[in-house]
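To keep things clear, I will list the structure first and then write my remarks on it.
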Ligand code: ZN
């Protein structure tokens with residue numbers, strides 16, 4: 001499954017987003033080498049913006065730490081990833097590839113006026129299609145309409161020299177009409193995925209996972225009887241995962257996505273690169289998994305897919321990992337069919353090192369915590385947590401991407417062989433930078449706070465998350481006879497648990513111990529995090545709430561709860577003060593050490609609630625501090641954010657890997673570069689990775 005919490009905005013410059021067992025909302029920015037600040041300033045995180053979208057770039061600092069063999073592995077896996085790119089287009093909608101190639105033909109070959117408003121709108125539409133891998137919105141799944149005229153479009157096709165996806169004997173005029181019918185008609189194929197309860201969710205979804213006339217009932221009966229024939233087994237096959245279900249002469253059959261089947265031309269390329277990757281694998285287990293993946297792409301056998309997943313999940317030692325295949329089933333309303341995707345991953349060496357230090361010292365943190373002695377663990381072990389850097393994304397994971405992934409999806413494999421859960425640290429960080437300085441400048445009290453955040457927030461957020469995960473969730477014990485937190489604390493359990501983990505991190509972020517351990521250079525980092533935490537809990541996170549709604553999400557509840565509680569308890573000493581300036585609200589921390597003590601106090605109380613299973617006290621904390629939204633403040637925040645004009649959705653330009661070859665054609669070096677032009681990357685991909693016919 002993918003974790004996608006930030007779809008509605010990436011707005012969190014300088015805020016803490018912490019993750020949990022599942023890597024929700026993780027913010028583990030990678031550290032760029034200290035002293036790199038000049039270079040960092042020149043890096044434009046978000047070079048393009050159109051419609052409701054912004055284009056973001058991400059960096060892969062860990063790539064530089066790889067040896068040549070590993071760099072080759074990244075390169076081969078990236079090529080494999082991109083080779084399947086056309087597949088997702090065809091999966092999303094049967095006309096997508098033809099539409100895209102028509103648009104791309106016009107982009108390169110149009111001989112008319114490129115200064116007109118129609119042309120500008122044409123480019124916006126084309127970029128939206130690229131972004132969504134098709135003509136349906138990547139998130140809402142609704143067909144979006146072009147803002148140029150039909151006349152313009154027809155003339156553009158006629159005025160285009162060079163390659164257009166003409167079918168045999170087709171004229172440009174006929175092509176233009178066909179494409180206009182597809183993209184302008186508001187009544188046909190409106191929804192890519194239709195989940196409406198009164199709809200035939202197979203027939204009325206425009207995606208291409210089923211032939212044109214296949215109904216929901218047919219699909220259910222087809223796969224129902226397949227499952228039944230196989231009996232009730234402990235290792236059920238994911239029937240339907242890698243095929244299109246079609247009806248021919250009244251009979252249903254599957255067109256399997258494999259080497260000599262549907263999408264075979266793209267799959268052949270994927271196999272070619274996976275074979276090369278296997279040759280430079282980091283260890284035997286990884287090579288074995290890659291071999292099985294090639295076998296699966298060759299045969300289309302779903303039993304082999306399971307074998308592959310078991311081999312893949314067992315490979316836990318490699319620095320480089322990858323997702324490649326037909327993975328997630330969100331694109332099929334019935335959830336049988338999986339979309340093609342690939343993510344190439346490099347271990348975040350810096351985050352991993354910090355976590356190791358914390359893990360090694362977990363007992364010290366437990367012993368010195370503010371919680372009551374009787375709730376401390378005598379032998380505490382750090383929770384392991386994995387942060388990676390995405391090195392390439394393709395298919396359903398690009399340009400729009402998840403920020404965390406937990407695989408494999410087959411429940412029985414997860415149960416018996418485990419699963420891998422990763423947070424895409426560099427993607428999360430790139431999101432946080434993409435909004436630019438706007439959010440910081442708007443919500444920080446003064447320039448000093450902005451400057452401190454710019455200097456330290458990356459490290460601060462990274463440390464916060466590491467502590468939240470590794471020592472926060474690991475800390476404390478439950479009294480004998482008290483059930484699990486879910487049993488004793490009910491629906492408040494997760495917000496309380498997230499609050500507890502946050503508080504462990506906050507309590508120590510102003511502790512000299514972290515400086516002594518070499519995890520932070522000074523307490524300035526702690527101050528940065530305290531500023532950001534209060535700012536987020538009281539102000540900025542409110543932008544994610546619809547007017548009139550209360551706070552539902554566990555992390556958001558805990559953040560407001562903590563911020564409000566410490567402000568209230570420290571009110572007499574003015575530990576944190578609300579400031580109003582030019583009609584706008586800000587928060588100023590007057591005493592960081594007193595705030596640390598308050599965090600410690602609340603930590604002790606929440607640990608007590610968990611240890612004793614004190615439902616009433618837990619409920620009161622969350623309900624009184626975490627749930628209700630201050631209506632006036634909410635309104636203020638929404639209007640301040642609206643003025644910043646931040647695009648709700650972000651998608652990414654991939655880095656590019658350039659190889660140097662010797663006289664024998666062997667790779668002697670692989671370099672990473674960071675392109676900054678979305679259009680150029682899309683046109684390059686069209687040129688280099690168009691392996692499928694216009695119509696499949
Ligand atoms: Zn958590």
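Quick notes
- Here the residues 205, 339, 352, 639, ranked from fewest to most Cβ neighbours within 10 Å of their Cβ, fall in the order 639, 352, 339, 205.
- Where labels lie 7 Å past Cα in the beta-carbon direction, separation of residue 247 and residue 574 in nm: 7.6 nm
- Our estimate of slack between residue 491 and residue 666, defined as 0.36 nm per intervening residue step minus the Cα-Cα distance, is 57.2 nm.
- Estimated distance in nm for a label pair at residue 624 and residue 373, the labels positioned 7 Å out from Cα along Cα-to-Cβ: 2.9 nm
- When 673, 589 are arranged by Cβ crowding within 10 Å, least crowded first, meaning fewest neighbours, the order is 673, 589.
- In the chain, helical runs assigned H by DSSP with n ≥ 4 each contribute -39500 (n - 2.57); averaged across all residues and rounded to the nearest 500, the mean residue ellipticity at 222 nm is -14000 deg cm²/dmol.
- Shape class for the stretch 541-696, computed from the alpha carbon gyration tensor (a ≥ b ≥ c): prolate, with a/c not under 1.5 and a/b above b/c.
- Volume per residue that the Cα convex hull of the stretch 277-318 spans, once the total is divided by residue count, Å³: 48 Å³
- Nearest-0.05 FRET efficiency for residue 515 and residue 447, computed from C-beta distance (R0 25 Å): 0.45
- Paramagnetic label zone (point 7 Å from Cα along Cα-to-C-beta, residue 64; backbone N under 20 Å) in the stretch 641-667: 654-660
- Between residue 108 and residue 479, the modelled labels are 7.3 nm apart [label points 7 Å from Cα along Cα→Cβ].
- Average projection area in nm² (convex hull over Cα atoms of the stretch 654-693, one quarter of hull surface): 3.9 nm²
- Per-pair calculated FRET efficiency, R0 = 60 Å: residue 268 and residue 155 via Cβ, rounded to 0.05: 0.95
- Cα convex hull of the stretch 457-511 - mean projected area over all directions, nm²: 4.2 nm²
- Global geometry of the stretch 579-644, whether rounded, prolate or oblate, following the gyration tensor of its Cα atoms and the 1.5 cut on a/c: oblate
- Taking all C-alpha pairs of the stretch 429-577, those more than 24 Å from each other amount to 39 percent.
- Rh by Kirkwood over Cα pairs, then Stokes-Einstein D for the stretch 337-490 at 0.692 mPa s and 37 °C, µm²/s: 176 µm²/s
- Residue 44-residue 645 FRET efficiency (beta carbon distance; Förster radius 22 Å; 0.05 resolution): 0.80
- Kirkwood hydrodynamic radius (C-alpha pairs) into Stokes-Einstein, the chain, 20 °C and 1.002 mPa s, D in µm²/s: 79 µm²/s
- Extension gain for residue 237 to residue 170 (0.36 nm times residue separation, less C-alpha to C-alpha distance): 19.8 nm.
- Percent of C-alpha pairs per 10 Å bin in the stretch 101-236, short distances first: 11, 32, 27, 16, 9, 4, 0.
- Of interest is the spacing of the C-alpha centroids, which for the stretch 548-589 and the stretch 364-442 amounts to 26 Å.
Here, each number is a calculation from the coordinates, and none is a lab measurement. Everything numeric here is computed off the predicted structure, so don't read it as measured data. Every residue, glycine as well, gets a Cβ built from its backbone with ideal geometry; the counts of neighbours run over all protein chains shown.
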